Amino acid sequence: MTSRALKTEVLKSGMSVGLFGGSFDPPHIGHLHVAQTAMKRLRLDRVWWLVSPQNPLKTHAPADAARRIGAIEALAHQPRMVVSTIEERLGINRTIDLIDHLTYHHPDVNFVWIMGSDNLGGFHRWERWRDLATAMPICVIARPGQAIKARLSRTATFLRHARLHENQAHILKKIKAPVWTYLTEPLHPVSSSALRAQGLRA
């Protein structure tokens, strides 16, 4: 981990922290759009980019972690964006295990799980997805071509009575889960899979 991440990966009582997980293989402007939208609309103190050592739902091995971290830091160089390797340090590869760890050790921090709408459609394939969906507030950021699929997804149906209108997104971090919101902003079409297909791995 870089020195900037070490200095800013700090949790204090009352902070609001968005958790943005993924392989980021490679990170791109679409990822930055998700992180910036969540930061602005939810009024977060920090957004942690959680660099996954290996996504259990993906068959291909990601690029070297150090390269991915360096690429994220070059892309998301705002002071309140934090690149974290906490999953690797704790030996965790399941999101729910990380959430259990963070909420147990930092009960006074307001965590929000952040993801693009392209991930909402497959969220029900995640380990203990129902527990995760009810463990902390969730913010879903619209991604190109995913609006209908995301809103009709199994997870969206499961949480249909817990949706917060996007006009109230700024209070999401203060509401006890289960609660989620779906945010729309001008969209960026870039995806990691498209970049890999072009041979542009970071």
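Some notes on this structure:
- Treating r as the C-beta distance of H161 and N93 and R0 as 22 Å, the FRET efficiency rounds to 0.10.
- Taking other C-beta atoms within 10 angstrom as a stand-in for reagent exposure, D100, D108, D131, D118 fall in the order D108, D131, D100, D118, fewest first.
- Per-residue 3J(HN,Hα) values for region 29-39, derived from phi via the Karplus relation 6.51 cos²θ - 1.76 cosθ + 1.60 with θ = phi - 60°, read 5, x, 4, 4, 4, 4, 5, 5, 4, 5, 4 Hz in sequence order (x marks Gly and Pro).
- Here W129, W113 are placed in order of increasing Cβ neighbour count within 10 Å, fewest first, which gives W129, W113.
- Rounded FRET efficiency, nearest 0.05, which uses the C-beta distance separating A66 from D100 and R0 of 25 Å: 0.40
- Taking 0.36 nm per residue of separation and subtracting the current Cα-Cα distance, fully stretching the chain between R130 and L152 would add 6.3 nm.
- Sparsely packed loop sites in region 81-186 (the trypsin sites (Lys or Arg not before Pro) outside DSSP H, G, I, E and B with at most 16 other Cβ atoms within 10 Å) comprise R94, R128, K176.
- Difference of contour (0.36 nm per residue) and Cα-Cα distance, K176 to R80: 32.2 nm
- Computed from label points 7 Å out along Cα-Cβ, the spacing between I29 and D108 is 4.2 nm.
A short reminder: the numbers here are calculations on the coordinates, not readings from a lab. Since we're looking at a predicted model, the values are computed, not measured. A quick note on method: Cβ atoms are made from the backbone with ideal geometry, for glycine too, and the neighbour counts reach across all protein chains shown.
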